Amino acid sequence: MAFLVVDEEEDVKRARLTAEEREARRLRELSKIDEFTKLTDATLTRKKERDWSRDAFDLTTRLLQINPEFYTIWNYRRLILLNGLFVDVFSERVKDILMDELGMTMSALKAHPKVYWIWNHRRWCLEHIPYGPGKESDDDYTGWKQSAWSRELAVAEKMLDADARNFHAWGYRRYILASMPTPRPESSELAYTQRKIEANFSNFSAWHQRSKTLTSLWKQGKLDEAKSREDEFELLRNAMYTDPDDQSVWMYHRWLVGTDGSKELLEREIAAIQELLDEQPDSKWCLESIAHYKRLLLKSYPSDVDIKSLSEEIRSLLSHLETLDPARRRRYQDLGKTAI
Amino acid sequence: MTPTTTTKSKSDPSTDTLLTDLHIKYIQDLGNSKDDLTYHLTAHLRLNAIYWGYNATCLLGRQDALNREEMIEFVMSCWDEEAGGFGAHPDHDAHLLSTTSAIQILVMQDALDRLDIDRVTKCTPSPPLSCISIAHTDTPLPFGLTVIVSLQQPSGVFAGDQWGETDTRFLYCAVNALSLLGRLDEINREKAVEYIERCRNYDGGFGSSVGAESHSGQVFVCVAALAILDRLDVVDVETLGWWLSERQLPNGGLNGRPEKLEDVCYSFWVLSALSILNKVPWIDADKLTSFILSAQDPEGGGIADRPGDMVDVFHTNFGIAGLSILGYPGLVDLDPVYCMPAGVIEARGLRKGWKALERRQS
């Protein structure tokens, strides 16, 4: 089964064509089809013949410009590099070819930012950048690699400027950060995600990345957990008041509360959200979050709370949610059954 | 989005019901659109497209709508001898995505015996692909199997082919295909589960790799793989059920991630996961049904990503699959774990404990 193989959100509007328009399109497309199928046949024939020449390489360039999703041709292109263009040349030449390759795929990427095969090819190029220009004992032994990796980080950022939710670009970014020859301090990712979040609170991808970064920094003891958690609550508070209907913010809040989970924190956050709820009594996410945190209180601290009144509060919140958000009423009902 | 073009309104009476005959005709005609540039530009998806189209016809109760022999012949012509798997089209390279589609089609056509005819005893990927070692077993594995098994990485995830891209999608493909062939024990199941577990996020969802954001498509592959591996205990059902139910938007459609647009294909990815977790009632089935139906093309057949857009066989299959889970009248039951007709999976003794909505009579 294949899925996620098609660009998401391509949004091509349906057009109803008349017979004449259809015929005109058919004629228009005929020459393109002819060009494409001839080019395909020629390239695949060369592939079968194990032709690793520059000529064959140029054919793959033309074909991929027409169809960047033709994965077999990307594979063939790499075979030509490995068995042809890279053979008997100095490593500087290999580096130059790969840098050209990254340039060529950049234009493909701009036109098709969600094609898996283009991203894969970039990774492959990056991983094949040779050591140099210096020798192993020299400082600039990883110079080529480092500059290629830094450039790719900029590429990922550029792609995220164009579409801040592109999960390919986020994945590529994580990959670059994890495998750079000279790693960047992880804390710089906090500044990056903050910038992304402040540009748009709805950017859950950035919130997600931030949660992973913080978890890692806390784990390594590079950041004071208690203090930075409070900073995060501050950031969230702004976002919540800006748009209380934005689920990204509430999901991140749920993560943040979960990193501590103490009774004090739960009660404090319930009170803080209650303030917002008092201003906006029909805010689904306020109700949902308070219900969730009260359920957590009940579950985690059964001997320290008034079970009966807390259960009653939860049930009342859930029944309010049932009328407010009827699409999910069965979920609220199910939660109500387990709230005691 | 271009708001100027005509968009079918939701109340369009012609899309109130499932246009079965039109969809069948649309799927049948797909193979005859060789004058269409798109047909040629999608050759790299051909085998997948045949699976989507065939699965849709089966769900519509018209499994004979497409020619059986032609289909099987085409599948077999996609075999890539050098790599030991199926490509998406003759002369295209083998990949796990197309290999899984091939096996699914052969299982649905009850034609797995064709694999044995071509049983290979030794399939070694050609250089420089030989960096992936072949799993050694005493009994030679059937056709293609050796390669699938060899794609498992030390971390437990699978690569899509010998070039090494890894993704939880490929893990699912491998688990799906091997279980259909009854050879799931050839892989390291514990490692596979361990990898999925590492991809789990605090929102209960799963991403494409460790550290990646939760995405409905990846949630489906991870949950379905865990179902096949009998390890649904790894799922935080309440949290994931919450996340999945929040994918439904006011217009009834489902999105793939928070604060994103709806798309018909998520009707399957979100719904299948809900169904495996027995939580389909956590969303509004009627509103989703209307949304899927409104994305039909009432003139040419087929279903689009959203109302008014160009249809394609991918969204047609996943739209109908979603409707089947929602109990839409007249449709054949779908197995949400395999995205194949439930009867086919039951016959192989592979049915898991999922629950769809009861099939309505009218």
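The values are calculated or read from the model by the stated rules, or taken from the named source; none is laboratory data. Keep in mind the model is a prediction, meaning the values are calculated, not measured. Cβ sites come from the backbone with ideal geometry, for glycine too, and all protein chains shown count toward neighbours.
Against the condition modelled with pLDDT of 95 or more, loosely packed, with under 12 Cβ neighbours inside 10 Å and more than 10 Å from every other protein chain (Cβ to nearest Cβ), how does residue A:62 come out, does it pass?
Working: modelled with pLDDT of 95 or more: yes; loosely packed, with under 12 Cβ neighbours inside 10 Å: no; more than 10 Å from every other protein chain (Cβ to nearest Cβ): yes.
The answer is no for residue A:62.
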Taking the range A:235-269 only, how many residues are more than 25 Å from the chain's Cα centre (by Cα) and either exposed (fewer than 14 other Cβ atoms within 10 Å of the Cβ) or not aliphatic (A, V, I, L, M) (or both)?
-> 9
Exception for residue B:362 within (1) hydroxyl-bearing (Ser, Thr, Tyr); (2) touching a Ser or Thr at 6+ places or on another chain (Cβ under 7 Å); (3) at pLDDT below 95 falls at (2)
Out of all the residues in the range A:255-300, which are assigned to a loop (DSSP other than H, G, I, E, B) and farther than 18 Å from residue A:320 by Cα?
-> A:259, A:260, A:261, A:262
Unique match (being in contact with an Asp or Glu (Cβ under 7 Å, 6 or more places away or on another chain) and part of a helix (DSSP H, G or I)) among B:323, B:293 = B:293
When the range B:80-120 is checked residue by residue, the ones that are in contact (Cβ under 8 Å) with a residue 60 or more places away in the chain and either touching an Asp or Glu at 6+ places or on another chain (Cβ under 7 Å) or part of a loop (DSSP other than H, G, I, E, B) (or both) are B:83, B:84, B:93, B:94, B:95, B:96, B:112
Among residues of the range A:200-210, those that are at the interface with another protein chain (Cβ under 8 Å from one of its Cβ atoms) and either surrounded by fewer than 22 Cβ atoms within 10 Å (Cβ to Cβ) or in a loop (DSSP other than H, G, I, E, B) (or both), counted | 2
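Residues that are free of Cβ contacts under 8 Å to residues at least 60 places away in the same chain, outside any helix (DSSP H, G or I) and of a type in the set (Val, Ile, Thr): does the range A:14-25 have at least one? Let's see the steps before the verdict.
Initial filter on the range A:14-25 (free of Cβ contacts under 8 Å to residues at least 60 places away in the same chain): A:14-25.
Remaining after also requiring outside any helix (DSSP H, G or I): A:14-18.
Applying the additional criterion that residues be of a type in the set (Val, Ile, Thr) yields A:18.
Checked against the condition, which is being free of Cβ contacts under 8 Å to residues at least 60 places away in the same chain, outside any helix (DSSP H, G or I) and of a type in the set (Val, Ile, Thr), the range A:14-25 yields at least one hit.
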What about residue A:105, is it at pLDDT 95 or above and either crowded, with 19+ Cβ neighbours inside 10 Å or more than 29 Å from the chain's Cα centre (by Cα) (or both)?
-> no
Verdict on residue A:172 being without any contact (Cβ under 8 Å) to a residue 24 or more places away in the chain and either of a type in the set (Val, Ile, Thr) or not in a loop (DSSP other than H, G, I, E, B) (or both) = no
Answer residue from the range B:43-57, given it is within 8 Å of another protein chain (Cβ to nearest Cβ) and not hydrophobic (A, V, I, L, M, F, W, C) and is surrounded by the fewest Cβ atoms within 10 Å (Cβ to Cβ) among those | B:44
In this structure, does residue B:193 turn out to be in contact (Cβ under 8 Å) with a residue 24 or more places away in the chain and within 13 Å of chain A (Cβ to nearest Cβ)?
-> no
Within the range A:114-153, residues touching a residue at least 24 places away in the same chain (Cβ under 8 Å), touching an Asp or Glu at 6+ places or on another chain (Cβ under 7 Å) and surrounded by fewer than 17 Cβ atoms within 10 Å (Cβ to Cβ) come out as A:133
Could you identify the single residue in A:334, A:260 that is within 20 Å of residue B:279 (Cα to Cα) and among the charged types (D, E, K, R)?
-> A:334
Residue B:289, sole failed condition from (1) at pLDDT 95 or above; (2) more than 8 Å from chain A (Cβ to nearest Cβ); (3) surrounded by 24 or more Cβ atoms within 10 Å (Cβ to Cβ) | (3)
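Hey, could you check the range B:229-243 for residues that are more than 14 Å from chain A (Cβ to nearest Cβ) and of a type outside the set (D, E, K, R) and say which is surrounded by the most Cβ atoms within 10 Å (Cβ to Cβ)? Before you say what the answer is, go through the steps one by one.
Initial filter on the range B:229-243 (more than 14 Å from chain A (Cβ to nearest Cβ)): B:229-235.
Filter once more, so that each one left must be of a type outside the set (D, E, K, R): B:229, B:232, B:234-235.
Working: B:229: 19, B:232: 16, B:234: 16, B:235: 24.
Filtering the range B:229-243 for residues that are more than 14 Å from chain A (Cβ to nearest Cβ) and of a type outside the set (D, E, K, R), the one surrounded by the most Cβ atoms within 10 Å (Cβ to Cβ) comes out as B:235.
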Just checking, how many residues over the range A:273-298 are in contact (Cβ under 8 Å) with a residue 40 or more places away in the chain and either closer than 20 Å to residue A:234 by Cβ or in contact with a Ser or Thr (Cβ under 6 Å, 6 or more places away or on another chain) (or both)?
-> 2
Taking residue A:292 and the conditions (1) within 25 Å of residue B:249 (Cβ to Cβ); (2) away from every other protein chain (no Cβ under 14 Å); (3) surrounded by 19 or more Cβ atoms within 10 Å (Cβ to Cβ), which numbered condition does it fall short on, given that it satisfies the others?
-> (2)
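Condition check: part of a helix (DSSP H, G or I), closer than 27 Å to residue B:204 by Cα and either under 17 Å from the mean Cα position of the chain (by Cα) or modelled with pLDDT of 95 or more (or both). Does residue A:122 satisfy that?
Numbers: part of a helix (DSSP H, G or I): yes; closer than 27 Å to residue B:204 by Cα: no; either under 17 Å from the mean Cα position of the chain (by Cα) or modelled with pLDDT of 95 or more (or both): yes.
Here the answer is no, as residue A:122 does not meet what is asked.
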Answer from B:294, B:267 - the residue that is without any contact (Cβ under 8 Å) to a residue 60 or more places away in the chain, polar (S, T, N, Q) and either buried (at least 24 other Cβ atoms within 10 Å of the Cβ) or more than 8 Å from chain A (Cβ to nearest Cβ) (or both) | B:267
Can you name the number of the only condition in (1) touching a helix residue (DSSP H, G or I) at 6+ places or on another chain (Cβ under 7 Å); (2) assigned to a loop (DSSP other than H, G, I, E, B); (3) more than 25 Å from residue A:30 (Cα to Cα) that residue B:61 fails?
-> (1)
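Taking the condition surrounded by fewer than 24 Cβ atoms within 10 Å (Cβ to Cβ), of a type in the set (Asp, Glu) and within 19 Å of residue B:320 (Cβ to Cβ), does residue B:299 pass? Let's see the steps before the verdict.
Numbers: surrounded by fewer than 24 Cβ atoms within 10 Å (Cβ to Cβ): yes; of a type in the set (Asp, Glu): yes; within 19 Å of residue B:320 (Cβ to Cβ): yes.
Criteria met by residue B:299.
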